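The values are calculated or read from the model by the stated rules, or taken from the named source; none is laboratory data. Note that the structure is predicted; figures quoted are calculated from it, not measured. Cβ placement follows ideal geometry from the backbone for every residue including glycine, while neighbour counts extend to all protein chains displayed.
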Ligand SMILES: Cc1cc2nc3c(=O)[nH]c(=O)nc-3n(C[C@H](O)[C@H](O)[C@H](O)COP(=O)(O)O)c2cc1C
């Protein structure tokens, strides 16, 4: 197998491994995919200053502390639904690789494997991403499970009350498909390695709702039922209510405007994820990176600022840390890596990005993420600034 040299290689390998319906579900964005492209393009707006002849520590310390918890690296996997459909036990494989790399893992509400399974396998409890259900009892049972398993932080996703249109999914019938069709069988037949790996022991279930007849049988049916049941009436009052109910750390995922960042700070949450869902929701929104400085200013210095959407390179991570982000989440890259080569793929992805970040820091005359954060925006050159 050719080695993985960068994140794009994992994407291509994932496409070779996966039936088209899943490869397109991961890769796609909303409507014309303009925001998805902007998420990549806007990193070009800043250059990194090259500084030489500084005394350097080449084993750069890349660790960060976010909301009182240390991570060996300033990036990690964001919540991605149905990882266990891209590779058998995909959630467990990503969680294991993350635990070994000493970085956090955020488990999606729409995961194939549940909290308890992950905790038992990895010997540590992941963070939990919460999608609110229309039925308050379902939400209470999520919170109860979080308490029982010792979850410390919940990421409440707030940008999906309305589901956007991803045209690739419409064409493939994703979500509309809740049973095997001849087209699907043909796609599976063209991916024998995926089929043998995944269909061994039967098509997986979403552990959270397994055995509950109202959700149907098998992850495809359960996925479409689960998304149809999402709470559409999400408001700041919903956030206030959850803040009252949940005593652990609460982070709002899907804030992208400074006005909303200010409101989040006033709502008493512990942090936000500056996210446009990887360009999968509001098409023609800005990239998250373009909003970072303003969102940090609105949020204030004390709340945790996670960011995601479009991060693929060590240089992207370095630029966001310089402009005030505390931690970078990545969605698709981890889905591609686990699809491409399971736990080993995820470990390779982490190693690659670690190296890219360390080299970038050193060439910018820096020895650690702590130094980078201290230098802040002075590390970068704003190319749109004519006086630069
Ligand atoms: C296949 C896929 C599934 C996702 N599932 C979830 C999810 O269950 N919950 C959630 O909050 N975000 C979900 N997201 C959004 C990611 O957490 C993240 O915001 C986004 O992928 C970041 O952009 P990137 O993929 O460019 O890194 C998903 C994204 C993808 C690509």
Name the pairs whose Cβ atoms lie under 6 Å apart, with the first residue in region 86-115 and under 20 Å from residue 27 (Cα atoms) and in contact (Cβ under 8 Å) with a residue 60 or more places away in the chain, the second outside any helix (DSSP H, G or I) and more than 12 Å from the ligand (Cβ to nearest atom), and 6 or more positions between them or separate chains? 112/204
Hey, residue 237 away from the ligand (no atom under 15 Å from the Cβ), within 14 Å of residue 302 (Cα to Cα) and either crowded, with 21+ Cβ neighbours inside 10 Å or at pLDDT 95 or above (or both) or not: no
Go through region 256-290 and give me each residue that's under 24 Å from residue 140 (Cα atoms) and within 16 Å of the ligand (Cβ to nearest atom). 264, 269, 271, 272, 273
Go through (1) within 16 Å of the ligand (Cβ to nearest atom); (2) over 21 Å from residue 115 (Cα atoms) for residue 79 and report which single condition fails. (2)
Out of 274, 242, report the one residue that is crowded, with 19+ Cβ neighbours inside 10 Å and over 20 Å from the mean Cα position of the chain (by Cα). 242
Scan region 32-68 for residues that are closer than 22 Å to residue 351 by Cβ, more than 16 Å from the ligand (Cβ to nearest atom) and surrounded by 14 or more Cβ atoms within 10 Å (Cβ to Cβ) and report the count. 8
Within region 298-327, of all residues that are more than 18 Å from residue 159 (Cα to Cα) and within 9 Å of the ligand (Cβ to nearest atom), the one surrounded by the fewest Cβ atoms within 10 Å (Cβ to Cβ) is 312
Report whether or not residue 324 is over 19 Å from residue 130 (Cα atoms) and touching a strand residue (DSSP E or B) at 6+ places or on another chain (Cβ under 9 Å). yes
Working only within region 350-369, note down all residues that are farther than 15 Å from residue 316 by Cα and crowded, with 20+ Cβ neighbours inside 10 Å. 366
Test for residue 104: is it at pLDDT 95 or above and within 13 Å of the chain's Cα centre (by Cα): yes
Over region 19-31, the set of residues within 11 Å of the ligand (Cβ to nearest atom) and in a helix (DSSP H, G or I) is 22, 23, 24, 25, 26, 27
For region 135-159, which residues satisfy the criterion of being surrounded by fewer than 20 Cβ atoms within 10 Å (Cβ to Cβ), modelled with pLDDT of 95 or more and not in a helix (DSSP H, G or I)? 150, 152
Does residue 196 satisfy the criteria of being surrounded by 16 or more Cβ atoms within 10 Å (Cβ to Cβ), assigned to a helix (DSSP H, G or I) and more than 22 Å from the chain's Cα centre (by Cα)? no
Consider region 88-100. How many of its residues are more than 30 Å from residue 231 (Cα to Cα) and surrounded by 22 or more Cβ atoms within 10 Å (Cβ to Cβ)? 2
Residue list for region 225-264, filter: farther than 17 Å from residue 160 by Cα and assigned to a strand (DSSP E or B): 249, 250
How many residues does region 132-166 contain that are touching a strand residue (DSSP E or B) at 6+ places or on another chain (Cβ under 8 Å) and under 26 Å from residue 25 (Cβ atoms)? 14
